[in-house]
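These notes concern the structure reproduced below.
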Amino acid sequence: MQKTNNENPFGYPKNKKIFIMKLIGPFAQILTLDKMALKGPLRDEALEVFYTAGVLVDQGKIVKVSKFNTLRKEFPKAELEEITQEAVLLPGFIDCHTHSCFAGTRAMDFAERNAGTSYLEIAEKGGGIWSTVTATRNASEEVLKSLTENRVNGFLKNGITTIEIKSGYGLSVLEEIRLLKVINQLNTKARVIPTCLGAHLKPKDFEGSSSEYLTHLQENLLKEIKHLTKRIDIFTEKSAFGIEESSRYLLKAKEMGFKITVHADQFSAGSAKIAVEVGAVSADHLEASNDSDIKVLGNSDTVAVCLPGASIGLGEPFAPARRLLDAGACLAIASDYNPGSAPMGDLLAQASILAVFQKLNTAEVFSGLTFRAAKALSIQDVGKISENYLADFQAYSTTDYREILYQQGKLKPCFVWKNGYKI
């Protein structure tokens, strides 16, 4: 089996002695995101905040959170990593939906869209997703690895300690395998979750229908990538794959042991219901979700993932995050970072803007960026500063956690820790 950056779950530096126990602090505030509901609306009063506090770490995991002086007395032999500036500590963010592995640029598409050219007209002139597919296919593995590493390490500096990355710009069996291998080989301290999006759209060079292309992927791709990913995605939309063929593809992938997720309701409604029916872990986008879709998602265990970066990049309405929460959904927020519709890639800024337009409170936003986003990736050991969770967290130069969203992405982390080590 090919080695990946995820085979060492604690990410210890190769030539560094593993510590026994370490106390990090003091922090003006530690916002734990612990003891919060996994679904539905939240209240800021439910946020657990420790003041003048520290966090005790052992073997890459969190042991205890408490008053800093209390921890020093209780664990006098713990190595001390002293924080000498005023700071607020949060769990590391989890970006549960990105397309970060690509080559090329779509700046020309952005300029033409803003000048009034339609998406279809851009695609007919050689732009759109296919231009990214062409550039990505033409790039060497070394170039793709370097480009993607630089992006992921930039996200890590901005507090994103876990990131999902989709393939989807290869669109052939060999190219999709190549991209998944690149994603698995990234040299980064961030935790990377690969997803296969071979079903991004039917490639121009495939001779056959969209249904035949999905059958081709089922028979020739899925069986070859079980060692490279545990997740399968599909873009269900009028311009990509229909609801019935998407359902068949997803059920086949699920039968083969994959977790499944869906690009749903981005431009037209209906596919979020299919995501729930087939047992998808998440339905992502949801800008076009109607009352019926929202009700179905609210009554399900499928995570509703809002992607404000795509709304900003395309000038489209935001997903109905407020209504999804009030209906009882588990709401996560991700960047959708990609070269076409969401080139900004600033998750915190996007979430802060979404909060303004959808009236999301601080607890709902931070939960959507942490433990609720973890659920969308089927992982349970990150997203909270709590006992036995991985020591993934980030600190901001402020004494009030409310400043972080208030500054709408301008305030960046001053420190980031992955598995208890400062990046």
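The values are calculated or read from the model by the stated rules, or taken from the named source; none is laboratory data. Remember, it's a predicted structure, so these values are computed and weren't measured experimentally. Don't worry about glycine lacking a Cβ; one is built from the backbone with ideal geometry, like all the others, and counts go over all protein chains shown. Surface areas here come from the heavy atoms of the whole protein model, side chains and all, with no ligands, DNA or RNA. Shrake-Rupley method; radii C 1.70, N 1.55, O 1.52, S 1.80 Å.
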Worksheet item: Rounded to the nearest 0.05, what FRET efficiency do THR215 and GLU277 have when you use their Cβ-Cβ distance and R0 = 30 Å?
Response: 0.90
Worksheet entry | Those GluC sites (Glu not before Pro) in the range 114-211 that DSSP places in a loop and that have at most 12 other beta carbons within 10 Å | GLU207
Response to the item:
Phi angles of the range 34-42, converted by Karplus (6.51 cos²θ - 1.76 cosθ + 1.60, θ = phi - 60°) into ³J(HN,Hα) in whole Hz with x for Gly and Pro, give 8, 6, 10, 5, 7, 10, x, x, 10
Worksheet item: Once the Cβ-Cβ distance between TYR406 and GLU207 is put in as r, and R0 is 56 Å, what FRET efficiency do you end up with, to the nearest 0.05?
Response: 0.55
Worksheet item: Can you work out D for the range 71-230 in µm² s⁻¹ from Stokes-Einstein, where Rh is the Kirkwood radius over C-alpha pairs, the temperature is 10 °C and the viscosity is 1.306 mPa s?
Response: 87 µm²/s
Worksheet item: Stretch GLU255-GLN59 to full length: gain in nm at 0.36 nm per residue minus the Cα-Cα span?
Response: 66.9 nm
Fill in: Label point distance in nm, LYS67-GLU316, each placed 7 Å from Cα along Cα→Cβ
5.2 nm
Discussion item. What is the percent carbon and sulfur in the accessible area of the chain, measuring with a 1.4 Å probe over the protein chains and ignoring ligands?
Written reply: 51 percent
Response to the item:
Applying the gyration tensor rule to the Cα atoms of the range 181-297 (axes a ≥ b ≥ c; rounded if a/c under 1.5, else prolate if a/b exceeds b/c, else oblate), the class is oblate
Response to the item:
For the range 223-338, the per residue accessible area (1.4 Å probe, Å²) is 35 Å²
Worksheet entry | Fraction of antiparallel bridges per DSSP, the chain only, in percent to nearest 5 | 40 percent
Worksheet item: According to a simple spin-label model (label point 7 Å from Cα along Cα-to-Cβ), what is the distance in nm between ASN299 and SER146?
Response: 5.4 nm
Worksheet item: What do you get for Rg/Rh of the chain when both radii come from the Cα atoms and Rh is the Kirkwood radius?
Response: 0.97
Fill in: trypsin sites (Lys or Arg not before Pro), loop per DSSP, at most 14 other Cβ atoms within 10 Å - longest free stretch of the chain
239-358
Discussion item. Tell me the net charge near PHE235. Cut-off is 13 Å between Cβ atoms, PHE235 excluded, with +1 for each Lys or Arg and -1 for each Asp or Glu.
Written reply: -3
Discussion item. On alpha carbon coordinates alone, what is the Rg over Rh value for the range 300-374, Rh being the Kirkwood radius?
Written reply: 0.94
Worksheet entry | Sum of -39500 (n - 2.57) over DSSP H runs of 4+, divided by residues of the chain (222 nm, nearest 500) | -9500 deg cm²/dmol
Item to complete: Calculate the spin-label point distance for GLN85 paired with ALA46, positioning each point 7 Å from the Cα along the beta-carbon direction, and give it in nanometres.
Response: 3.3 nm
Worksheet, complete the sentence: In Å², rounded to a whole number, the accessible area per residue of the range 77-157 with probe 1.4 Å is 47 Å²
Fill in: At most 14 other Cβ within 10 Å, DSSP loop - GluC sites (Glu not before Pro), the range 357-423
GLU387
